[in-house]
1. Whenever you get a sec, compute what percent of the accessible area on the chain sits on carbon and sulfur atoms (1.4 Å probe).
2. Rounded to whole Hz and in sequence order, give me ³J(HN,Hα) for segment 55-61 from the Karplus expression 6.51 cos²θ - 1.76 cosθ + 1.60, θ = phi - 60°, writing x for Gly and Pro.
3. Enumerate by residue number the GluC sites (Glu not before Pro) in segment 49-107 meeting two conditions: DSSP loop (anything except H, G, I, E, B), and at most 13 other Cβ atoms within 10 Å of the site's Cβ.
4. With +1 on each Lys and Arg Cβ and -1 on each Asp and Glu Cβ, and nothing else charged, work out how big the dipole of the chain is about its Cα centre, in Debye to the nearest 20.
5. Taking amide H positions as placed 1.01 Å from N in the peptide plane, with prolines and chain starts having none, which residues 5 or more places from SER47, or on another chain, fall under 5 Å of its amide H?
6. What does the helix-only formula give at 222 nm for the chain: each DSSP H stretch with n ≥ 4 adding -39500 (n - 2.57), the total divided by the residues, and the result rounded to the nearest 500 deg cm²/dmol?
7. Could you give the accessible area per residue of the chain, probe 1.4 Å, as a whole number in Å²?
8. Taking R0 as 22 Å, what's the FRET efficiency between ILE4 and LEU88 from their Cβ-Cβ distance, rounded to 0.05?
Amino acid sequence: LKFIFGPSAVPALDLVDQRSVTRVRSPSGRTLYQVLGSSGKLYTCYSSCHFCTCPAFGFSVLQKSESLLCKHILAVYLSQAMGACQELAVSEEQLTDILLAEEEDEG
């Protein structure tokens, strides 16, 4: 894994081992992932469009094109493959609140 994913592999595996990945689903079927980062901050990841709200994703992936993913996205993919995601069912309103909270953090 380290050969393929570089320096993100070991920290991502640590996040999986710590069960830091939660799949959040609404009744309509909308899904996002929340990953509790090693710093204690909660990041939102969208596996369907390969995006994470962490600063490393914005810098290393989007700005510098140095990497294809951050440790949080890799942890989501590994958790999916291993069936190791925590599950959280939320209402549509709760999902909207999660998404709006992320937008406020960015703005």
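1. Numbers: 3570 of 6410 Å².
Carbon with sulfur: 56 percent of the solvent-accessible area.
2. Here the 3J(HN,Hα) series is x, 4, 5, x, 7, 6, 8 Hz.
3. On the way: sites: GLU66, GLU87, GLU92, GLU93, GLU102, GLU103, GLU104, GLU106; in loops: GLU66.
Those satisfying the criteria are GLU66.
4. Values: 8 positive and 12 negative charges, 106 e Å.
Dipole size: approximately 520 debye.
5. TYR33
6. Details: 4 runs with 40 residues, N = 107.
Helix-only estimate at 222 nm: -11000 deg cm²/dmol.
7. Numbers: 6410 Å² over 107 residues.
For the chain, the solvent-accessible area averages 60 Å² per residue.
8. Working: r = 29 Å, r/R0 = 1.34.
Taking R0 as 22 Å, the efficiency between ILE4 and LEU88 is 0.15.
The values are calculated or read from the model by the stated rules, or taken from the named source; none is laboratory data. Predicted model, so just to flag it, every value in this text is computed and none were measured. Positions of Cβ are backbone-derived with ideal geometry, glycine not excepted, and every protein chain shown enters the neighbour counts. Each accessible area value is taken on the protein alone, full model and side chains, heavy atoms only, with ligands, DNA and RNA left out. Shrake-Rupley method; radii C 1.70, N 1.55, O 1.52, S 1.80 Å.
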